Amino acid sequence: MALVELEKRGLIQWLVSQNVDGLHARSGFPLNRFAELHGNVFAIHCQSCKYRKIQDHPVELIGQKPIGKICGQTNSRGSVCRRQLVDSVLDWEHDLPEPFFSDSWAQSEAADLSIVLGSSLQIQPANTLPTLSKNMVIINLSNTKMDRKANLIIKSKCDFAVELLMKKLDIEIPECSTPLIVEKSCLELIPLPIKEEKPKIARRKRKAQPKSDQDPDYTYHSVPKLLKDEITEKNL
Ligand SMILES: [Zn+2]
């Protein structure tokens, strides 16, 4: 819910999720400002006309399989789309969904700061996205393969680090009442420079696991003193 509030205040421009649990969508984070790169168990879509819907119950399939319902959307010429709707959760052989992947790439490149929340950054190409931004902060309990590219690493549970951040910003985290789907943000997206070149890697690949947490290549970056003190106080 902190992310929802930060977006409302114009502090988050774009959100990328690798989770398929659909929680970001159901928290009320506006759908036009985020990409669920690996799918959403609540979402169904049409691969022909691109109609997409988030249901109030999960789909019992994964791997973009037909769910037994016809799309039924009418196009601008008045014809009805007869394609079968499919679930949205990717299998390993699937390319990442468009335009979500290209949009995420462009947003990441344009961003002053990407904050990674609770990801070991093992899955390509999603793990490349935050490294495209001018600055990257990683909040994760374990080491990640992208740690050397980070400006700041906070080894903490995400909830705790985000609560501290909200406290510093003096912004209250709203309560989550019922699942709420918000199609469009109240704020306009900041226009991005148009680029001809498209990202080349769109298929998922798992990066090799690190040998151990004591990876010799691993380098810690300094945590600001104030935050470090607070984390130490909480004995994380
Ligand atoms: Zn359709």
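The values are calculated or read from the model by the stated rules, or taken from the named source; none is laboratory data. These numbers come from a predicted model, not from an experiment. Methodologically, a virtual Cβ is constructed for each residue, glycine included, from the backbone with ideal geometry; neighbour enumeration extends over all protein chains shown. Remember, those area values only see protein heavy atoms, side chains included, never the ligands or the DNA or RNA. Shrake-Rupley method; radii C 1.70, N 1.55, O 1.52, S 1.80 Å.
Per-structure values
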quantity: Subset of the stretch 32-53 [open to solvent by 30 Å² or more (accessible area, probe 1.4 Å) and away from the ligand (no atom under 16 Å from the Cβ)]; calculated: 32, 41
quantity: Matching residues, the stretch 65-90, being more than 9 Å from the ligand (Cβ to nearest atom) and surrounded by 19 or more Cβ atoms within 10 Å (Cβ to Cβ); calculated: 86, 87, 88, 89, 90
quantity: Test result for residue 25, of a type outside the set (Lys, Arg), open to solvent by less than 10 Å² (accessible area, probe 1.4 Å) and either in contact (Cβ under 8 Å) with a residue 40 or more places away in the chain or over 30 Å from residue 178 (Cβ atoms) (or both); calculated: yes
quantity: Considering residues of the stretch 127-138 that are within 12 Å of the chain's Cα centre (by Cα) and open to solvent by less than 10 Å² (accessible area, probe 1.4 Å) only, the residue farthest from residue 90 (Cα to Cα); calculated: 129
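Residues are listed down the side, and each one gets a yes or a no for (1) under 21 Å from residue 15 (Cβ atoms); (2) within 19 Å of the chain's Cα centre (by Cα); (3) among the polar types (S, T, N, Q):
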site	(1), (2), (3)
46	no, no, no
75	no, no, yes
83	no, no, no
99	yes, yes, no
103	yes, yes, no
108	yes, yes, yes
112	yes, yes, no
140	yes, yes, yes
144	yes, yes, yes
